[in-house]
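As structure tokens, the structure follows; a few thoughts come after it.
The values are calculated or read from the model by the stated rules, or taken from the named source; none is laboratory data. Treat the numbers as computed from the prediction; the structure is a model and nothing was measured. Every residue, glycine as well, gets a Cβ built from its backbone with ideal geometry; the counts of neighbours run over all protein chains shown. Please note that ligands, DNA and RNA were not included when accessible areas were found on the heavy atoms of the full protein model with its side chains. Shrake-Rupley method; radii C 1.70, N 1.55, O 1.52, S 1.80 Å.
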Amino acid sequence: MKLSDIGEFGFIERFATNFDHMIADADMGIGDDCAILSVNESENNVVTTDLLIEDVHFLKNRISAEELGYKSLAVNLSDIAAMGARPLFSFLSLGIPKSTEVEYLDAFMEGYKQLSEKYRVPLMGGDTTKSVDRLVISVTVVGQCRKSEMRLRSMAETGDLICVSGNLGDSAGGLQVLLDKLELNTGNKDLIRRHHCPEPRIHEGMWLAQQDNVHAMMDISDGISSDLKHILKASRKSAEIHLEQLPTSQRLQEASSKYNWSIYDLATGGGEDYELLFTMNASDFERLNREFENRFSRPVHAFGKIVEGKPVITWYKEGVEMNPDTAGFDHFAK
Ligand code: ADP
Ligand code: MG
């Protein structure tokens, strides 16, 4: 059997529960955006780690060194945000081909530092080693959260609205602009920026986690068609999604009609938007949205509902059930 037969998540499932007997009841290991380590009665630490490999996650001649440094930390901070936690510090390990210019590495560290400073998350350690021919970047971030404000993938409740903290598909659109070497007009440049410099929704995550009526939460790294299934599996629920209610930016709508992209494919399967996907009590949506908009100058968007049933998504477009090809990103899928 090849890894491509079972995929990334099939592989993780093969060993994920084998360590449970060594994990204390108050802690939690594999399965959410971060691991949870109980500190005391009221506080948890959370830990996340992500790997970025040249030619798999980024093309060295397309993203600047500074942007790459920024993005390496941003994707980890996004997992901290997904728990409703505050990031505390980071560790950075690098595998570097010998021929790499020091100026390139300095610029990488400058981008990493810029985002570290924005959220006051100091780099506290790491490892540096030789790599044969590709740059390898591994970042680990530790965060902190009140136990009462922890938001897990398993917390979705029947009847919840399914919501997102911002537009979907911009990052996938930016990648498409790069891959197809399209013109660099203002709109396309904005899409590329969303792909290279995603904003981790740290303040939004902490605020959402303080709202009692917000239940499950995670960040969108692989696209909602894949990521929402993690919430459904962990919460043992089903979902109904209305495609026309998915929030997309003006610039993505314009590029999609110009280049004949399927905007729904980008919004559901593209990935790397690093917005927060969350479920909440429907009756509190208007108040929450008003206060969110006052605070963050943009609304949240509801586009579906959690229902009883198997962990599958039923897609609707203008009320008609349909089946878009939106598998989401799995590193080893065929
Ligand atoms: P995310 O996209 O939020 O970073 P992933 O989808 O990469 O999360 O991972 C899902 C879960 O599986 C996480 O809890 C992660 O810590 C765990 N995981 C992934 N790969 C491994 C591995 N090689 N060993 C242990 N746990 C892993
Ligand atoms: Mg995540």
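Numerical summary
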item	result
Residues of the range 169-211 classified as within 16 Å of ligand 2 (Cβ to nearest atom), over 16 Å from ALA85 (Cβ atoms) and assigned to a helix (DSSP H, G or I), total	1
In the range 302-334, the residues that are assigned to a loop (DSSP other than H, G, I, E, B), modelled with pLDDT of 90 or more and under 21 Å from the mean Cα position of the chain (by Cα)	PRO311, VAL312
Residues that are open to solvent by less than 90 Å² (accessible area, probe 1.4 Å), closer than 27 Å to GLY205 by Cα and away from ligand 2 (no atom under 16 Å from the Cβ), drawn from the range 1-37	ILE23, ALA24, ALA26, ASP27, LEU37
Extreme residue, farthest from ILE202 (Cα to Cα), among residues of the range 164-177 that are over 14 Å from the mean Cα position of the chain (by Cα) and open to solvent by less than 40 Å² (accessible area, probe 1.4 Å)	VAL177
Residues that are open to solvent by 10 Å² or more (accessible area, probe 1.4 Å) and closer than 20 Å to LYS71 by Cα, drawn from the range 274-283	TYR274
Filter result (closer than 20 Å to MET218 by Cβ and away from ligand 2 (no atom under 16 Å from the Cβ)) within the range 42-87	ASN44, ASN45, ARG86
Number of the condition not met by GLY270 [criteria: (1) under 19 Å from MET322 (Cβ atoms); (2) more than 16 Å from ligand 2 (Cβ to nearest atom)]	(2)
Near pairs, Cβ below 9 angstrom, 6+ apart or cross-chain, from the range 212-230 (of a type outside the set (A, V, I, L, M) and in a strand (DSSP E or B)) to any residue that is open to solvent by 30 Å² or more (accessible area, probe 1.4 Å) and away from ligand 2 (no atom under 13 Å from the Cβ)	HIS215/MET155; HIS215/GLU157; HIS215/ASN281
Residue under evaluation ASN40, criteria (1) part of a helix (DSSP H, G or I); (2) out of contact with any strand residue (DSSP E or B) (no Cβ under 6 Å at 6 or more places or on another chain); (3) not acidic (Asp, Glu), criterion not met	(1)
Residues of the range 179-203 classified as of a type in the set (A, V, I, L, M, F, W, C) and surrounded by 18 or more Cβ atoms within 10 Å (Cβ to Cβ), total	4
Strands (runs of 3 or more DSSP E) enclosed by the range 52-150 - at least 2 residues per element that are open to solvent by less than 30 Å² (accessible area, probe 1.4 Å) and not polar (S, T, N, Q)	86-97, 136-146
Cβ pairs under 6 Å, 6+ apart, first in the range 1-26 and more than 9 Å from ligand 1 (Cβ to nearest atom) and part of a helix (DSSP H, G or I), second modelled with pLDDT of 95 or more and open to solvent by less than 70 Å² (accessible area, probe 1.4 Å)	none
